[in-house]
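First the structure, in the form of structure tokens, and then the observations on it.
The values are calculated or read from the model by the stated rules, or taken from the named source; none is laboratory data. Since we're looking at a predicted model, the values are computed, not measured. Cβ: placed from backbone, ideal geometry, glycine included. Neighbour counts: every protein chain shown.
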Amino acid sequence: MIDRRFLLKFLSFSFLARANVEKDIDVLGCKLKRDRLYRINEDRMIFQWIKKEGKNIYSVGFTPILSALVYPLYSVKIKPVDTMVEYDGNLAVVEAGKRVSTFPSPLGGKIVDKNSKLEKDPSPLISDPYNAWLVKVESEDTESLKRLKRAEEVVDTIRQFIIREQIECLPRK
């Protein structure tokens, strides 16, 4: 027979452990979601999240840091569905402030879906970056996947960048 106190402790510990694992990481006001992988390259100003959506399907989007860097954002032009992209190939063109830049792919593969709503109104990339995915890529590019990092692995890099560049993440609360 199982002791009630043991069972309660076990259930409480399991619940707290699960809640802790799923909790987002706050880095000086910038949120990192633990359910994503990240591609961070400070020199090239690449701050992307990647989320596994299904078998070999990955959604790709802006991190809150990238949202802060591209503010004000005027337009986004996303590559069409069925376009084949290589690692670091162009997924989208972003017009922000006085510059136009490309949004490189963190994975090689085929674009299987695009968030066309963002081409009409890109503001969710700023106001809600973790729900405003740009594209979904079907990929078996294991080499590119190995380059991606978990949220816990990018915390120090993100913290140093925020301090050095005096970034205030969006959305502001």
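For the reader, a short list of remarks on this structure follows.
- Subset of the range 146-161 [assigned to a helix (DSSP H, G or I), of a type outside the set (D, E, K, R) and in contact (Cβ under 8 Å) with a residue 60 or more places away in the chain]: Ala151, Val154, Val155, Thr157, Ile158, Phe161
- Residue in the range 55-73 that is surrounded by the most Cβ atoms within 10 Å (Cβ to Cβ), counting only those that are under 16 Å from the mean Cα position of the chain (by Cα) and in a strand (DSSP E or B): Phe62
- Flag for Lys51 being at pLDDT 95 or above and part of a strand (DSSP E or B): yes
- On the stretch given as the range 74-100, residues that are in contact (Cβ under 8 Å) with a residue 24 or more places away in the chain, over 17 Å from the mean Cα position of the chain (by Cα), surrounded by 13 or more Cβ atoms within 10 Å (Cβ to Cβ) and part of a strand (DSSP E or B) total 4.
- Selection status of Ser116, touching a residue at least 40 places away in the same chain (Cβ under 8 Å), over 13 Å from Gln48 (Cα atoms) and of a type in the set (Ser, Thr, Tyr): no
- Matching entry among Arg159, Arg147 (being farther than 17 Å from Ser59 by Cα, in contact with a strand residue (DSSP E or B) (Cβ under 9 Å, 6 or more places away or on another chain) and surrounded by fewer than 16 Cβ atoms within 10 Å (Cβ to Cβ)): Arg159
- Scanning the range 134-145 for residues that are in contact (Cβ under 8 Å) with a residue 24 or more places away in the chain and out of contact with any helix residue (DSSP H, G or I) (no Cβ under 9 Å at 6 or more places or on another chain) turns up Val135, Lys136, Val137, Glu138, Glu140, Asp141, Glu143, Ser144, Leu145.
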